[in-house]
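Q: Pasting a structure below so you can have a look.
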Amino acid sequence: MFAECWVAALIDVVFEGLLVHDGEAITDANERVARMFGFDHPSELVGLPWHALLAPAGRRASDERVRKGVEGRYRTVCRHRDGSTFSLDVNARETRYEGRRARIVAFRYPGDGPPGSDPLIQKAAALDRTVQALAETIEQRDSFTAGHQDRVSRLAVQVADRLGVGASTLATIRMAAHVHDIGKIAIPAEILMKPTTLTSEEFALIKGHVAAGHCILQGIAFDGPVAEAVLQHHERLDGKGYPAGLDDPICEARVMMAVDVYDALSSARPYRAGVPPGRTIEMMQDGEAWLLDAEVVRHLAAVVL
Ligand SMILES: [Fe+2]
């Protein structure tokens, strides 16, 4: 066990990311760990559940190690503040801090270098930049769709996290949701923004955005089915969605389609007010649960209500 006076001194001087938690919440952290996870200042971490820094797979591995009393050094999957996942080497020990039992956890980038020194992390960062560039492309033209994609991505990550999906599925959902309407770049703005009923020709054009999005994304070497999830995000479980009328869309698309519907209904548009969150969930559960994945909607309700 570290001497308590050492812990206080180490927090400020070591080059590794360092935090202390009481088994639940973070009680102290240094600047480096704040930067590693995308926070501006260590004080933003204090009080957060320490599990919030880990992807579901990382949480399970950490809990298992604490239970077996074999903490020490290990590599785990962490979660950045923006929802992205990345690997860090962790070294954890029991200690006393501010008069109580606590755990001190040190974080280090694999290979003892910042992101970029590990080829896998380098590739993940390049894909993130690509997705961001695509999301910004649509923002230049259609700020409503850009905001919608951003909200759907953040919410979809929270829902997927509650569903307990693995780190790679979580990353696919985050990226696919962030660009799920990229294909709207091919649709005239006056049709996208039309406040009155669309003609059947106009609706057919709008429906084409999923195939256009798939076409844009399929050439990018994502590790997961990002292009497929975008292609399927308007499918429905009764087979009445589009473009293919699938009744068994992939898990990534099931999460996106529910969150997409929620955000579309609950957000205000220039020509109508947004539906309140509680009423939106009721509409999704009562009227159309058979169209959407009921388990996804249940977790979505737990996040937004
Ligand atoms: Fe869409």
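Q: Show me, for segment 95-102, the HN-Hα J-couplings you get by feeding each phi into the Karplus relation (A = 6.51, B = -1.76, C = 1.60, θ = phi - 60°), rounded to Hz, glycine and proline as x.
A: 8, 10, 8, 6, x, 10, 5, 7
Q: Taking the Cα centre of segment 119-304 as the origin, how large is its charge dipole in debye, to the nearest 20, when only Lys and Arg (+1) and Asp and Glu (-1) carry charge on their Cβ atoms?
A: The calculated dipole for segment 119-304 is roughly 360 debye.
Q: Find the all-direction average of the projected area of the Cα convex hull for segment 152-260, expressing the result in square nanometres with one decimal place.
A: Average projection, Cα convex hull of segment 152-260: 7.0 nm².
Q: When Rg is the radius of gyration of the Cα atoms in the chain and Rh is its Kirkwood radius, what does Rg/Rh come to?
A: 1.03
Q: Quick one: Karplus J couplings for segment 38-47, per residue in order, coefficients 6.51, -1.76, 1.60, θ = phi - 60°, nearest Hz, x for Gly and Pro?
A: The phi angles translate into x, 9, 7, 8, x, 4, 5, 7, 5, x Hz.
Q: What is the set of long-range amide H partners of ARG75 at a cut-off below 5 Å, with H atoms built 1.01 Å from backbone N?
A: HN-HN under 5 Å from ARG75: VAL90.
Q: Right, another one. Using the Karplus equation 6.51 cos²θ - 1.76 cosθ + 1.60 (θ = phi - 60°), what ³J(HN,Hα) coupling, rounded to whole Hz, does each residue of segment 254-267 give in order, writing x for Gly and Pro?
A: Ordered by residue, 3J(HN,Hα) equals 4, 5, 4, 5, 5, 5, 4, 4, 4, 5, 4, 6, 8, 8 Hz.
Q: Give me, ordered by chain and number, the residues 5 or more places off THR95 or on other chains with an amide H under 5 Å from its own placed amide H.
A: Those lying under 5 Å, H to H, from THR95 are ALA102, ARG103, ILE104.
Laboratory data are not the source of any read-out in this text; all were calculated from the coordinates shown. Please read these numbers as outputs of a predicted model, since none were measured by experiment. With ideal geometry, Cβ positions are generated from the backbone for all residues, glycine too; neighbour counts draw on all protein chains shown.
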